Amino acid sequence: MIDLDRAGQERYRSRVRGCLIGGAVGDALGAPVEFLSLDRIRAEYGPDGLTDIVTGAAGVAPITDDTQMTLFTAEGLIRASVRSDRGVVHPPSMVHRAHLRWLDTQRLPAPPPGVSGWLAAQPWLYARRAPGNACLSGLSSPGMGTLDQPKNPGSKGCGTVMRSAPFGLYPQPWLTPEKVFDLAAECATQTHGHPTGYLAAGAFAAIVRTLVDGAGLADAVAVALDLLPARPGHEETTAALRAALAAEPGSPREIERLGGAWIAEEALAIGVYCALSHPDDARRALLLSVNHSGDSDSTGSICGNLLGAWHGETALPPDWVIAVEGRGTILELADDFALEQTQGDQLHGDHGPMTEWLRRYPA
């Protein structure tokens, strides 16, 4: 648990909420154009491309597997924090179990009887939204991946980065940005075993953590760039982040040069580039992050995570926030995450009685 005064707790809560709902906003914004080229996007939506979030008949903008997996990452970290009361905790194991609960949402039509915890009991999450093959196969195979023996050793898809923002929101006193980097990287090996896949996830988590600590985005990226060279296989991730910093701001064609975002380091670079292009205008940054020929929902999600962690929830376009599918669940989880990190000792105690909190987050 972190020790913050009242004002510090409020800033932290705003950044947690901003990061999780911002990622969902970017995800939902980019989902309709994920598989369209930039020229096709402009042909369908006009010369400026996509200019607003797309909602269905009920006025809701659907999220994808990016947000689904991010929510379960956050839930796993809450459970890891709860379990720390017992003195023995291995966060990667708790996150792995959380991702297995996400896997159930992709296999089952509805929450099963006796489902563990409140998040996996949310019926709206039981929808298959184009999950990545590496995520499905890695979690479907027995055992946990490790840095020495990762799952899918050749895979470096963006499925690692798009789910890893919550690691940066997990400010346990012993978790420096470097250790946050390593934790996210280790958990990424559950599905993606190429160094670029898990190192890009680690770099993203370190950036988010540094933003939550109060730094600006350029400085947060510099922290990640300082951490990367000590890790074998860092070259692609390092080069992508440096390219994002060097690119001329605000250009969809610059995004095309950064890549298609189907692989981890390109998705991270594009998300960073777009957030840096419009640091004080989340609407413009998010629109830039999805109007390109690549994996628009993932880059939108990453950009939204960064903007929310950097500026807090009130920096996000409110009309888009209220349109996002599952908004209530996402913000409830964000509030629970912040409560656990700042006031967990008042919610559960050492081997104490079963409380409502422990029913929500059984350890």
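Each value in this text was obtained by applying a stated rule to the coordinates, not by laboratory testing. Quantities reported herein were computed from a predicted structural model and do not represent experimental measurements. Neighbour counts run over all protein chains shown; Cβ positions are idealised from the backbone, glycine included.
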**Report entry** Fewest-first sequence of 258, 245, 199, 268 by Cβ atoms within 10 Å of each Cβ
**Finding:** 245, 258, 199, 268
Query raised in the report: What order do you get for 100, 227 when you list them from fewest to most C-beta neighbours inside 10 Å?
Result: 100, 227
Query raised in the report: Based solely on its DSSP helices, what 222 nm [θ] is calculated for the chain when runs of n ≥ 4 H residues each add -39,500 (n - 2.57) and the sum is averaged over all residues, nearest 500 deg cm²/dmol?
Result: -17500 deg cm²/dmol
**Report entry** segment 62-193 pair-distance distribution - Cα-Cα, 5 Å bins, rounded %
**Finding:** 2, 11, 21, 24, 21, 13, 7, 1
**Report entry** residue 40 versus residue 226: modelled label distance in nm, points set 7 Å from Cα along the beta carbon direction
**Finding:** 4.3
Requested in this report: Just need the Rg to Rh number for the chain, please, alpha carbons only, Kirkwood Rh.
Outcome: 0.94
Query raised in the report: Counting other Cβ atoms within 10 Å, which trypsin sites (Lys or Arg not before Pro) in segment 215-308 have at most 14 and lie in a DSSP loop?
Result: none
Query - Solvent-free Debye scattering, log10 I(q)/I(0), computed from the Cα coordinates of segment 268-355 at q = 0.20, 0.22, 0.24, 0.25 Å⁻¹ - result: -0.93, -1.05, -1.18, -1.23
Requested in this report: Take every Cα-Cα pair in segment 93-151 and report what % of them are more than 12 Å apart.
Outcome: 69
Query raised in the report: Mind listing P(r) for segment 164-294? All alpha-carbon pairs, 5 Å bins, whole percents.
Result: 2, 12, 22, 23, 21, 13, 6, 1, 0
Requested in this report: Using Cα centres only, tell me the gap between segment 1-47 and segment 215-237 in whole Å.
Outcome: 22
Query raised in the report: For the residues 141, 298, 84, what sequence is obtained by ranking on other C-beta atoms within 10 Å, fewest first?
Result: 141, 84, 298
